[in-house]
Amino acid sequence: MVLTSRAWFLLGLGGLVALLGAARPELLGLTMLIDLLAILAITVDALTLPGTNAFSVRRKRERVLSLGASNRIELELTHSLTTPRRARLRDEPPPFCEYDSREFTLTLLPNLPTQVAYHLTPNYRGEARFEDVFLRVEGRFGLTARDYRLPAREIAPVYPNLLQMREYDLLRHRGRLQQMGFRQRRLRGEGTEFESLREYTPDDEFRRIDWKATARRGKPTVRDYQIERSQNVILMLDAGRTMLAEVEGRRKFDAVLNTALMLAYVAVQMDDKVGALVFADEIDLFTPPQRGKAQVAKLVDALHDAQPRLVESDYLYATTYLAKRWRKRSLIALFTDLIDPDASRMVLHSLGALARQHLCVAITVSDPRLHAWSRQTPNTAPELYRRAVALQTLNDRLAAMRSLERMGVHCIDAEPDTLVPNLVNYYLQVKARGGL
């Protein structure tokens, strides 16, 4: 039991009255009565505090938490109180997670459950451990309070960001994909697979005119094409030491994993086949391309616990392994890091070999701090050194990307927040122009 500010104010007031009684003996009896009444009120209030079994709490959340996303966590408090009480509720979220709030001031009404909610953003994949919930409830007069520890320990798995897939579906159905940074692309009239014939309009290209159909119908007729279906997309994820580096509080590997699964989800929506290969100094995982939403679920289950390791990645071994097990032309998306042309020589050599048969794209995570430091006007020697290192690092990355592009490998270097739309837009552009 603890005394509230009201109780301390009442006791302080009783002390002042006692001083007054000491100064004027004829009021001593009255002051003692007031002090006794204050102590009695506190005692009676303490007796109104409910027992431990009067409360229970239930935490509501998704079955799995999404990495780097704002996950809604709800707490439902049930009780057996018969009078309104003031209370404070505090949850104990997992460490290494960000949250907007975890303490709530409540007014508990008789026999009415109370619900509160906050948002939790995990920074690492794996297991997130929630602790018990703590509750402080005041007595009927608000003079005393009691603390309760409500059992609520649980472990929640943290997966790559699955909420962005729901958001993509929602915005796609509403025609608002621009809110996620995606460019709307018209599926009809592009690609190389024939879809239908229609009457010519002034906006159509002459090369789309079907002259045989025009002769039959007696009016200009054009062919409509659609984006090719059932093509192949392979996600190659580098799990070596360079992917352990953190950008904006998250490891690069986690950022590219979110991006890879989002690309897989979009590709499946386009009826393409998607597979994945995770490698470092050896092959950690290979899932051959398949189509359908079940394949996305399979990839999520297979990749959610993949972790980068402090080893050098063997790009040549990974590409050789892939070439032996998958020969069909595909869009191969390599998620890696490019440090400089020398350190990235194996990346350049391996992707250059793949690019002879496949359409390859290299995806890297850009660190916004490097760009900020490169533009900063130095005022001290450490700032000057930091700016020089940032400029050198950016120039080396740019040189490595230019080397890849000369080999026919497209490069996407973006910050974590824009990595997904940049890659998905490139994929849709490839589909639209029939690049595969």
- Taking the stretch 45-64, which residues are of a type in the set (D, E) and either over 24 Å from S5 (Cβ atoms) or surrounded by fewer than 14 Cβ atoms within 10 Å (Cβ to Cβ) (or both)? E62
- Specify the residue that is modelled with the lowest pLDDT; the eligible residues are those in the stretch 125-136 that are of a type outside the set (D, E) and either outside the structural domain of A152 (by TED's automatic domain parsing) or touching a Leu at 6+ places or on another chain (Cβ under 7 Å) (or both). R125
- Item | Filter result for the condition that a residue is under 31 Å from the mean Cα position of the chain (by Cα), part of a helix (DSSP H, G or I) and closer than 23 Å to R251 by Cβ, over R402, R369, R387 | R369
- Working only within the stretch 270-299, note down all residues that are of a type outside the set (A, V, I, L, M, F, W, C) and touching a residue at least 40 places away in the same chain (Cβ under 8 Å). D271, D272, K273, G275, D281, D284, P289, R291
- Message: Kindly evaluate A87 against the criterion of being modelled with pLDDT under 90 and of a type in the set (G, A, S).
- Response: no
- Query: Hey, which of the strands (runs of 3 or more DSSP E) in the stretch 52-170, taking only ones fully inside, have at least 2 residues that are more than 30 Å from Y265 (Cβ to Cβ) and in contact with a strand residue (DSSP E or B) (Cβ under 6 Å, 6 or more places away or on another chain)?
  - Reply: 55-60, 71-79, 85-90, 103-108, 114-122, 133-138, 144-150
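So that you can scan it fast, the table gives a plain yes or no per residue for (1) closer than 27 Å to L75 by Cα; (2) β-branched (V, I, T); (3) modelled with pLDDT of 75 or more; (4) part of a helix (DSSP H, G or I):
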site: W8; (1), (2), (3), (4): no, no, no, yes
site: L11; (1), (2), (3), (4): no, no, no, yes
site: L16; (1), (2), (3), (4): no, no, no, yes
site: A22; (1), (2), (3), (4): no, no, no, yes
site: L28; (1), (2), (3), (4): no, no, no, yes
site: T31; (1), (2), (3), (4): no, yes, no, yes
site: I34; (1), (2), (3), (4): no, yes, no, yes
site: I39; (1), (2), (3), (4): no, yes, yes, yes
site: L49; (1), (2), (3), (4): yes, no, yes, no
- Taking into account only those residues within the stretch 408-423 that are surrounded by fewer than 17 Cβ atoms within 10 Å (Cβ to Cβ) and not in a helix (DSSP H, G or I), which is modelled with the lowest pLDDT? G408
- Please enumerate the residues belonging to the stretch 394-432 that are more than 24 Å from A353 (Cβ to Cβ) and either in contact with a helix residue (DSSP H, G or I) (Cβ under 7 Å, 6 or more places away or on another chain) or among the charged types (D, E, K, R) (or both). L394, A414, E415, P416, D417, L419, V420, P421, V424, K431
- Message: Among the residues in the stretch 381-391, are any under 17 Å from T336 (Cα atoms) and either at pLDDT 90 or above or not assigned by TED's automatic domain parsing to the domain that holds A333 (or both)?
- Response: no
- Message: Going by what's in this entry, would Y200 be described as over 23 Å from C360 (Cα atoms) and in contact with a helix residue (DSSP H, G or I) (Cβ under 9 Å, 6 or more places away or on another chain)?
- Response: yes
- Can you pull out the residues in the stretch 321-365 that are in contact with a helix residue (DSSP H, G or I) (Cβ under 8 Å, 6 or more places away or on another chain) and either at positive phi or hydroxyl-bearing (S, T, Y) (or both)? T336, S344, S350, T364
- the stretch 302-335, residues that are among the polar types (S, T, N, Q) and under 14 Å from A276 (Cα atoms): T319, S330
- Task: Check the stretch 344-360 and report whether any residue there is part of a loop (DSSP other than H, G, I, E, B) and surrounded by fewer than 14 Cβ atoms within 10 Å (Cβ to Cβ).
- Result: yes
- Query: Residues T78, T83: which one is in the same structural domain as R125 (by TED's automatic domain parsing), among the polar types (S, T, N, Q) and closer than 17 Å to A152 by Cα?
  - Reply: T78
- Query: Limited to the stretch 319-343, what total is found for residues that are surrounded by fewer than 19 Cβ atoms within 10 Å (Cβ to Cβ) and at pLDDT 85 or above?
  - Reply: 9
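The values are calculated or read from the model by the stated rules, or taken from the named source; none is laboratory data. It should be emphasised that the depicted structure is a prediction, and the values quoted were computed from it without experimental measurement. Neighbour counts run over all protein chains shown; Cβ positions are idealised from the backbone, glycine included.
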